[in-house]
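Input: a single structure, listed below in structure tokens.
We did not get these values from a lab; they are worked out from the coordinates using the rules stated. Every value quoted in this text rests on a predicted model; they were computed, and no experiment measured them. Quick reminder, even Gly has a Cβ in these numbers, built from the backbone with ideal geometry, and neighbours come from all protein chains shown.
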Amino acid sequence: MSAALAYCDRRGRIYFDDQVMPLADGGILREARADELLPAPEGSVPMILPNRRPVTRSGVALRRHTVAVALPAGYTRLLVPAYESEPQAPRLPLFGYAFACAIGDRLHVAAMRTDESEDWAPRRFNEGALEKLIEQRLAQDPENRVLAQVARCSSEYGCFTAQNVFLERGEAALPVSPRCNARCIGCISEQEPETRVPSPQERITYEITAQELTRIAVRHLERAEDGIVSFGQGCEGEPLLRSTVIARAIERVRSIRANGTINLNTNGSLPRALLRCIDAGLDAVRISLNSFREPVYRAYYRPIGYGLGDVLKSVRIAVERGLRVSLNLLTHPGVTDDAEELAAMRSFLREVPVTMVQTRTLNIDPEWYFAAVGRPREPRGMRAALGAIRELGVAVGNFTHTH
């Protein structure tokens, strides 16, 4: 059964048109292959793309609104929607836009399952249940500003790692830094006013102490034997800018608790600062990047005082020191799977065998991203990109694992 166009009306209602073959964007405009499509999984969120018209094989932009889907955790996007923007179309908010179409009477998306974890499955709480847990915990440590921040992230932003602090399971968030040394064009916590794109989260505004961090980490590891406590979250800047405080907190936690995993999520910009944390007892690190090519990396991250070479040096150091090392790869069809990108990725991963590449859908307006980093010369497809990682003996996933 062939794919049919899925589109929206002005009210966001979705319709199917089996007389129109939809096109996807994978760096070039093309039809989605059967092995790139699956039924929209539970937790998918359909979205209307305002002032963006679906493009057909004839090259005509239909007078309809394009549909995209935000995928739940554990899935990797393979294609983005193909559309033509109207003049003065507003820049899209910071979400991950996956191609969607209809097969039969069901919505399908261009995605593949890349990880599973109960801690990251869509959550349903009885009315007031999460709020009660948050209220009880805040009452036990009312002066802890980390706790106040993750309480807000739990309720307002639905952050799973923040909620885990109160559910006392899995990976728990420990935000620490209000400052950053990158100006990512897709930053989810601090957008420059001229972008006219709202930040989906508000960054913490104060510098956390080692004592505040230690209290949360120790409590979590007391109640979750295989738990993970993680510095570096979406609601903050770059944690390595506060490596002294992080190292002090790690030492204090390890003086009390020997179980669980202490993890750091970072852009890897400061190798010496990372070494300080490793020497203090850090167990695992997840280093973020969007590319193994300096021009593409720089175009997105717009780093201040460092470059991709520093990031890759941090990866090498962590691997050499025996940490569990994951790369948080911000993926985008037509960039991640470009032939030049795959060659650069293979070259590095052959030399530096990280434990896992965690694919993360890059939340950004696709037109904005392509304008910044360029379109591919030879896109190979996202399945080929993920397959190339696995061929090197590196696991592909989406979550921080303890083993």
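Here the Karplus relation 6.51 cos²θ - 1.76 cosθ + 1.60, evaluated at θ = phi - 60°, turns the backbone of region 85-91 into coupling constants of 7, 6, x, 6, 4, x, 5 Hz, with x for every Gly and Pro. Note that region 247-292, at 10 °C in a medium of 1.306 mPa s, gets a Stokes-Einstein diffusion coefficient of 140 µm²/s from its Kirkwood radius over C-alpha pairs. Highest mean packing comes first when the peptides 186-193, 307-314, 87-94, 268-275 are listed by Cβ atoms within 10 Å, giving 268-275, 307-314, 186-193, 87-94.
Here the contact order of region 5-113, divided by its residue count and restricted to Cα pairs under 8 Å and six or more residues apart, works out to 31 percent. Using just its DSSP H runs of length 4 or more, each adding -39500 (n - 2.57), the chain gives a mean residue ellipticity at 222 nm of -9000 deg cm²/dmol after division by all residues.
Residues whose amide H lies under 5 Å from that of Val20, counting only those 5 or more places away or on a different chain, are Leu5; hydrogens are built 1.01 Å from N in the peptide plane. Available extension along the chain between Arg179 and Gln211 is 9.6 nm, counting 0.36 nm per residue and deducting the alpha carbon span. Counted by Cβ distance under 14 Å from Glu31, the other residues give a net charge of 0, where Lys and Arg count +1 and Asp and Glu count -1. Computed from the alpha carbon positions, the gyration tensor of region 5-113 leads to an equivalent ellipsoid with semi-axes of 19, 16, 14 Å, biggest first. Please give, to one decimal in nm, the separation of the simple spin-label points placed at Tyr157 and Ala395, each 7 Å out from Cα toward the Cβ. The two pseudo-label positions are separated by 2.6 nm. Taking the C-alpha atoms only, the angle from helix 339-351 to the longest principal axis of the chain is near 30 degrees. Under the convention that each Lys and Arg Cβ holds +1 and each Asp and Glu Cβ holds -1, the size of the dipole of region 260-403 around its Cα centre is about 200 debye. Taking θ as phi - 60° and the Karplus parameters 6.51, -1.76 and 1.60, the scalar couplings of region 360-376 work out to 10, 4, 6, 7, 6, 4, x, 5, 4, 5, 4, 5, 7, 10, x, 7, x Hz in sequence order, x denoting glycine and proline.
Mind sorting out which of [x] 19.5; [y] 22.8; [z] 20.5 is the real mean projected area of the Cα convex hull in nm² computed from the coordinates? From the options [x] 19.5; [y] 22.8; [z] 20.5, the structure gives [x].
In sequence order, region 174-184 has phi-based couplings of 10, x, 9, 10, x, 10, 9, 10, 9, 10, 4 Hz under the Karplus curve 6.51 cos²θ - 1.76 cosθ + 1.60, θ = phi - 60°, and Gly or Pro positions carry x. Placing unit charges on the Cβ atoms only, positive for Lys and Arg and negative for Asp and Glu, gives region 118-397 a dipole magnitude near 520 debye about its Cα centre.
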